[in-house]
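K.L.:
Got a structure for you, questions after.
The values are calculated or read from the model by the stated rules, or taken from the named source; none is laboratory data. Everything quoted here is computed from the prediction, not taken from an experiment. Cβ: placed from backbone, ideal geometry, glycine included. Neighbour counts: every protein chain shown.
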Amino acid sequence: MFNATSPSGLASQAQLLSLSGLEFMRGVRAGTISGAPIASLLNYSLDEVEDGRVSFVGTPLFEHANPAGGLHGGWYGTLLDSCMACAIMTKLPQESVYTTLEYKVNLTLGIAFGTAIRATGWVDHVGRSTGVSHGEIRGVDDGRLYATGSTTCLILTVTT
């Protein structure tokens with residue numbers, strides 16, 4: 001698996017639209033399609049891809065701290081946005097893409113720097129124009145619940 005380091009490293013629109021969302025996500029997992037550049041910056045990676053379910057694993061670092069020295073809430077939000085939206089992606093047919101319309105995050109416990117976590121998203125509903133999913137962040141070693149979230153994604157059909 002690898003993450004794009006420039007725009008030319010991302011999948012082309014033709015490649016993206018020629019695959020179902022599940023095929024695309026499996027390609028990212030297999031390393032035949034690049035992952036999101038933000039994953040390198042925030043120290044997380046795609047771990048599991050199933051129909052309607054996606055998991056990322058990651059470890060927050062000091063570089064992800066807020067000014068008070070705790071883990072920035074944006075780290076939680078990015079991991080949850082990634083797993084929940086990508087779960088919706090697995091349900092999309094060819095020539096369809098998604099974009100996050102809104103998401104909500106609830107932090108239940110602070111994550112210490114260096115703690116390995118798993119962020120998992122599950123699809124609740126995918127229709128013609130929107131998809132809804134929920135997710136959670138849990139510790140890999142202790143199973144503790146650190147955050148939950150929900151999202152609504154806009155689904156777009158693109159014809160070339």
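K.L.:
Answer with yes or no whether A68 is out of contact with any helix residue (DSSP H, G or I) (no Cβ under 8 Å at 6 or more places or on another chain), surrounded by fewer than 17 Cβ atoms within 10 Å (Cβ to Cβ) and of a type in the set (G, A, S).
P.N.:
Here the answer is yes, as A68 does meet what is asked.
K.L.:
While we're on this one: Got at least one residue in segment 5-18 being modelled with pLDDT of 95 or more and of a type outside the set (V, I, T)?
P.N.:
no
K.L.:
State the number of residues belonging to segment 59-107 that are among the polar types (S, T, N, Q), in contact with a strand residue (DSSP E or B) (Cβ under 9 Å, 6 or more places away or on another chain) and over 18 Å from R26 (Cβ atoms).
P.N.:
5
K.L.:
Output the strands (runs of 3 or more DSSP E) that fall wholly within segment 60-160 and possess 2 or more residues being among the charged types (D, E, K, R) and more than 15 Å from L42 (Cβ to Cβ), or say none.
P.N.:
Answer list for segment 60-160: 96-107, 130-139.
K.L.:
Counting only residues that are surrounded by fewer than 16 Cβ atoms within 10 Å (Cβ to Cβ) and not small (G, A, S), how many does segment 108-121 have?
P.N.:
Number of matching residues: 3.
K.L.:
Across segment 51-79, which residue is nearest to L101 (Cα to Cα) among those that are of a type in the set (S, T, N, Q) and in contact (Cβ under 8 Å) with a residue 12 or more places away in the chain?
P.N.:
Out of the qualifying residues, it is T78.
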